[in-house]
Amino acid sequence: MPSSHNKARETRVNRYMPMITQPVDRRRFITAAFSLPAALYFTPGLFAEELLKTPAQTEGPFYPGKLPLDSDNDLVIVGNSVTPAVGSITHLSGRILDPSGNPVRSATVEIWQVDNNGAYLHSNTGNRDKRDANFQGYGRFETSSTGEYRFRTIKPVKYPGRTPHIHFKIKAAGQPSLTTQCYVKGDPGNDRDGVLRGIRDDYQRESVMVAFQPLPQSKIGELAARFDIVLGETPSEDRGPGRGIGKRGPRPRA
Ligand SMILES: [Fe+2]
């Protein structure tokens, strides 16, 4: 199991190069090199390193049926309210990247999550009668040329059947859309979560674990969390170990 989040982002050039990744001696290198189809040598960027793609994950049934009037990137304050949402205020940020590591500009990043009582904005949510009306529940942000996004929200909490998580949907011109989720690194519920365990590639699973750390300069106990997202994976792409083998199991509860 990879030890750190960055390890998960470790690049792998493996699809075409398995025979070259083994300890090589001169004879094996030449044999391997000459057995590659010539066309490969002229494929621009082929030997360029590719980032580990963020795994596609289920959207689940709670994407807001009706988007809130206030859909900005501050989920802690609704409209002109002076009452903040209940929960551990978190500054959530990251970059949207393409598989080559280039920032993706003008990507629309949407997030949705439960409030501190485990209730979604969606009308079918559990705990509806306890929903925190001061929590926006959904937010949207468009990336600039740096590919950066940021939200002010609350640290996610668990709800029946799910470990704490935040849902993401990213759309960008010229890129495959991605629906995914991030998790609280080290949360005891992670090992039992069916959606998270559905990501069978160790590196990819590690890449959606996010540390929610105290913001040093905060006087009110705010947290900071960073989640970089690499586009490129499509839902149909198998995520078995070694990429491309094995079928996904039954759809877990979302
Ligand atoms: Fe969810």
Sole exception among (1) hydrophobic (A, V, I, L, M, F, W, C); (2) modelled with pLDDT under 95; (3) buried (at least 19 other Cβ atoms within 10 Å of the Cβ) for Leu69, by number:
(3)
Among the numbered criteria (1) within 26 Å of Gly198 (Cα to Cα); (2) away from the ligand (no atom under 11 Å from the Cβ); (3) in contact with a strand residue (DSSP E or B) (Cβ under 6 Å, 6 or more places away or on another chain), which single criterion is violated by Thr146?
(1)
Give the stretch 175-234 a look and list any residue that's among the β-branched types (Val, Ile, Thr), at pLDDT 95 or above and either in a loop (DSSP other than H, G, I, E, B) or more than 16 Å from the chain's Cα centre (by Cα) (or both), or say none.
Ile199, Val208
Select, from Asn102, Asn124, the only residue that is within 16 Å of the ligand (Cβ to nearest atom) and at negative phi.
Asn124
Considering Arg226, Arg197, Arg162, which residue is in contact (Cβ under 8 Å) with a residue 60 or more places away in the chain and touching an Asp or Glu at 6+ places or on another chain (Cβ under 8 Å)?
Arg162
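The values are calculated or read from the model by the stated rules, or taken from the named source; none is laboratory data. Computed from a predicted model, the values in this text were never measured in an experiment. So basically every Cβ, Gly included, is an ideal-geometry build from the backbone, and we count neighbours across all protein chains shown.
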